[in-house]
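Only one structure is covered here, and it is reproduced in the block below.
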Amino acid sequence: MKTAYLTHSDYDLHLTPAGHPEQVDRLSVINERLSKPEFNDLHKLTSPMGTNEQVTLCHPESYVNYIKNSCPSEGSIALDGDTHVSAESFNSAMRAVGAVCEAVDLVLNGKAKNAFCASRPPGHHAEKSKPMGFCLFGTIAIAAKYAMKTHRLSRVAIIDFDVHHGNGTQDLVWDDPNIMFISSQQMPLWPGTGFENETGAFNNIINYPLKPEVDGQDLINAYKKEILEKVSEFKPEMLFISAGFDAHKNDPLANLNFSTDDFRIITKLLCEFAANHCKGRVVSTLEGGYDLPSLAECVAAHVKVLMEHAK
């Protein structure tokens, strides 16, 4: 089997103001990098449009309508200080939902070993009824709930290594005993959540704060020594990854010093865990990463490891 790679030109229609870090060029540099011959074995697919049934696994209908009705006919408007929508933003966000759910279907139906979704806007800051941090819908949480509802999985785990805490994902899975959420994040840093005492209604959440200026070895050691052991005790049947690459030393929005190789090692650890505990089932989706050359490098390293584990 192969690694599925899902993306779509509609993501370019989600427009943010000039100078905004979450920009169209993020996917342009990723797709250019993954067009190289070394990625010819990727199973490249176009993201389908998500459905109302999928998005309402995590968000109330009233919130979905709010996002849809907030999109202007031209230009872009701010929903908060960071989060903007333009005319096609709702469709872009719904296609991001469709991508992760299609990725779940591909992996669980045996048509792909694992999958990476290159979509935007990102999702891990969107709470049940609140857009935040460039995010409109909680895509990775939706994917997790979709896997359990549609494919009848009993337990799944979400790993988030974005430099910012996945507050939205935490909100969406807080009271679900069948979803474990593990988030590492720089602290202090926006959004100001992600303390170790935030453990979920069923002790199903692990937060691992990282001090400013540390490199990836801190997180790599934590995975090896404690985090993945706790995940193994949960016995997930599938692994989901919120793949944010803004902990990279070149990223302008934070103060960690991860290297591209750190992300490669982290991805390898997660894929090895999935091979041993989840039949290799992994669905990963893009979150942050705002230095364009570093983003392209890191995604390439991440996807390359997924491909190696799909053979």
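The values are calculated or read from the model by the stated rules, or taken from the named source; none is laboratory data. Being a predicted model, the structure only gives us computed values, none of them experimental. Using ideal geometry, Cβ is built from the backbone for each residue, glycine included, and neighbour counts are taken over all protein chains shown.
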Worksheet item: Of all residues in the range 10-35, which are closer than 22 Å to His309 by Cα and in contact (Cβ under 8 Å) with a residue 60 or more places away in the chain?
Response: Ile30, Asn31, Arg33, Leu34
Fill in: Residues within the range 85-100 that are buried (at least 23 other Cβ atoms within 10 Å of the Cβ) and closer than 15 Å to Val24 by Cβ, tallied
6
Worksheet, complete the sentence: Of the residues in the range 270-298 that are in contact with a Leu (Cβ under 7 Å, 6 or more places away or on another chain) and of a type outside the set (Ser, Thr, Tyr), the one that is nearest to Val214 (Cα to Cα) is Gly289
Worksheet item: Taking the condition modelled with pLDDT of 95 or more, touching an Asp or Glu at 6+ places or on another chain (Cβ under 6 Å), surrounded by fewer than 21 Cβ atoms within 10 Å (Cβ to Cβ) and among the acidic types (Asp, Glu), does Asp291 pass?
Response: yes
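Is at least one residue of the range 226-233 within 29 Å of Thr260 (Cα to Cα) and among the small types (Gly, Ala, Ser)?
Pass one, the range 226-233, residues within 29 Å of Thr260 (Cα to Cα): 226-232.
Then keep just the ones that are among the small types (Gly, Ala, Ser); that gives 232.
Yes: one or more hits.
Does Phe245 satisfy the criteria of being modelled with pLDDT of 95 or more and crowded, with 24+ Cβ neighbours inside 10 Å?
yes
Hey, any hits in the range 140-155 for a residue that's in contact with a Pro (Cβ under 8 Å, 6 or more places away or on another chain) and within 23 Å of Thr16 (Cβ to Cβ)?
Taking the range 140-155 as the starting set, the residues that turn out to be in contact with a Pro (Cβ under 8 Å, 6 or more places away or on another chain) are 155.
Filter once more, keeping what is within 23 Å of Thr16 (Cβ to Cβ): none.
No, every residue in the range 140-155 fails to be in contact with a Pro (Cβ under 8 Å, 6 or more places away or on another chain) and within 23 Å of Thr16 (Cβ to Cβ).
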Worksheet item: Are there any pairs with C-beta distances below 6 angstrom linking a residue in the range 102-114 that is farther than 13 Å from Leu42 by Cα to a residue that is assigned to a helix (DSSP H, G or I) and not aromatic (Phe, Trp, Tyr), with the two at least 6 apart or on different chains, and if so which?
Response: Val104/Ala143; Val104/Ala147; Leu108/His151
Item to complete: Determine if the range 56-70 includes at least one residue that is free of Cβ contacts under 8 Å to residues at least 60 places away in the same chain, outside any helix (DSSP H, G or I) and over 19 Å from the mean Cα position of the chain (by Cα).
Response: no
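Just a yes or no: is a residue in the range 137-150 assigned to a helix (DSSP H, G or I), among the polar types (S, T, N, Q) and within 13 Å of the chain's Cα centre (by Cα)? Break it down stepwise before answering.
Looking only at the range 137-150, we keep the residues that are assigned to a helix (DSSP H, G or I), and these are 139-150.
In the following step, the residues that additionally are among the polar types (S, T, N, Q) were identified as 139, 150.
Then keep just the ones that are within 13 Å of the chain's Cα centre (by Cα); that gives 139.
Checked against the condition, which is being assigned to a helix (DSSP H, G or I), among the polar types (S, T, N, Q) and within 13 Å of the chain's Cα centre (by Cα), the range 137-150 yields at least one hit.
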Worksheet item: Taking the range 152-176, which residues are surrounded by fewer than 24 Cβ atoms within 10 Å (Cβ to Cβ) and under 22 Å from Lys279 (Cβ atoms)?
Response: Arg152, Leu153, Ser154, Arg155, Asp176
Item to complete: Would you confirm whether any residue within the range 36-50 is surrounded by 15 or more Cβ atoms within 10 Å (Cβ to Cβ), under 20 Å from the mean Cα position of the chain (by Cα) and assigned to a helix (DSSP H, G or I)?
Response: no
Response to the item:
In the range 194-247, anything closer than 15 Å to Gly166 by Cβ and of a type in the set (Gly, Ala, Ser) is listed as Gly194, Gly200, Ser242, Ala243, Gly244, Ala247
Worksheet item: Mind checking which pairs have a first residue in the range 169-191 that is of a type in the set (Val, Ile, Thr) and a second that is part of a strand (DSSP E or B), Cβ under 6 Å, 6 or more apart or different chains?
Response: Thr169/Phe181; Val173/Ile179; Val173/Phe181; Ile179/Val156; Ile182/Ile159; Ile182/Ile206
Discussion item. Just the residues that are under 16 Å from Leu228 (Cβ atoms), assigned to a helix (DSSP H, G or I), out of contact with any Gly (no Cβ under 8 Å at 6 or more places or on another chain) and touching a residue at least 60 places away in the same chain (Cβ under 8 Å), please, taken from the range 268-292.
Written reply: Leu270
Response to the item:
Within the range 177-212, of all residues that are of a type in the set (Gly, Ala, Ser) and part of a loop (DSSP other than H, G, I, E, B), the one farthest from Glu229 (Cα to Cα) is Gly192
Practice prompt. Considering only the range 224-238, state which residues are surrounded by fewer than 23 Cβ atoms within 10 Å (Cβ to Cβ), on the phi < 0 side of the Ramachandran plot and not polar (S, T, N, Q).
Written response: Lys224, Lys225, Glu226, Ile227, Leu228, Glu229, Lys230, Val231, Glu233, Phe234, Glu237
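For the condition over 30 Å from Ala310 (Cβ atoms) and surrounded by 12 or more Cβ atoms within 10 Å (Cβ to Cβ), what is the one hit in Ser76, Ser62?
Numbers: Ser62 fails: surrounded by 12 or more Cβ atoms within 10 Å (Cβ to Cβ).
Answer to the check: Ser76.
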